[in-house]
Amino acid sequence: IAPNNMIDNELETTASSHSITVEKVGLCHELFAYFINRSRTKKLISFLIITSLILVVIEYILYNNVHISSFTSNFLDWMAAHGDVAVLYYIIMMSLLTLFFVPPSLFVFASGFIFQDVYGGSGIVVAWVSSFIGALIGGSLGFWRARYLSRDLVEILMRRYPILRAVDVAIVKNSLRIMMLMRLNPLIPFGVMN
């Protein structure tokens, strides 16, 4: 990524070529135009993500997490009964939790107890390795989603909010240092960080 003045020129050129200026068009209109002009694949993936988030919010508000709690309890019971296959399904579930911004802390904690019962003394190591692999896959999928599906959205927001542009430039210049500092910050959720 280029220095700030080159970014400003590029953003102005992009905005003028699409007849969109920050001052004349509201953020809602610009976001609506962005979603309308996306490819079919990006629209489908966005629809699935938004629908799943809406369902989770409805579950939380209307049903007080009854279905999610029972699913989690049933899944953990199933893991205890199915040993080796459970590790694979745990990795998949861990990847999905990481991908959909759900904090997996209690799930990881429960897996330690379950795998300890199933595998004995090496259960903690199995839980740690499978949690690491699941978080790695989920983080990689989250990076792919942000990089290839949401980059246009980030560019729209960077035109509006200079702090986002400054963070983007800082990550390009000192990527390892910035990412390590952001990982140390407990206020930024793990899923958002990915």
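Placing a label point 7 Å from the Cα of residue 140 along the Cα-to-Cβ direction, the residues of the stretch 74-109 whose backbone N falls under 18 Å of that point are 88-100. Surface exposure of the stretch 25-174, expressed per residue as accessible area with a 1.4 Å probe, stands at 64 Å².
When the surface is traced with a 1.4 Å probe over the full set of protein chains, residue 113 keeps roughly 120 Å² accessible.
Between 110, 33, 85, whose Cα lies farthest towards the positive end of the dipole of the stretch 14-141 when Lys and Arg beta carbons carry +1 and Asp and Glu beta carbons carry -1, centred on the Cα centre? Sorting the options by dipole projection puts first 33. Tell me whether the stretch 71-181 comes out rounded, prolate or oblate; compute the Cα gyration tensor, take square roots of the eigenvalues as a ≥ b ≥ c, and use a/c under 1.5 as the rounded threshold. Verdict is prolate for the stretch 71-181. May I ask you to list the residues of the stretch 59-89 whose amide nitrogen lies under 17 Å from a point 7 Å from Cα along the Cα→beta-carbon direction of residue 129? From the stretch 59-89, the list is 83-89. In this calculation the C-beta distance from residue 38 to residue 161 is compared with R0 = 25 Å, giving a FRET efficiency of 0.75. Between residue 89 and residue 72, the distance separating the two model label sites (each 7 Å from Cα on the Cα→Cβ line) works out to 1.8 nm.
The values are calculated or read from the model by the stated rules, or taken from the named source; none is laboratory data. This one's a predicted model, so the numbers in the text were calculated from it and none came from an experiment. Every residue, glycine as well, gets a Cβ built from its backbone with ideal geometry; the counts of neighbours run over all protein chains shown. Accessible surface is based on the protein model in full, side chains and every heavy atom, while ligands, DNA and RNA are left aside. Shrake-Rupley method; radii C 1.70, N 1.55, O 1.52, S 1.80 Å.
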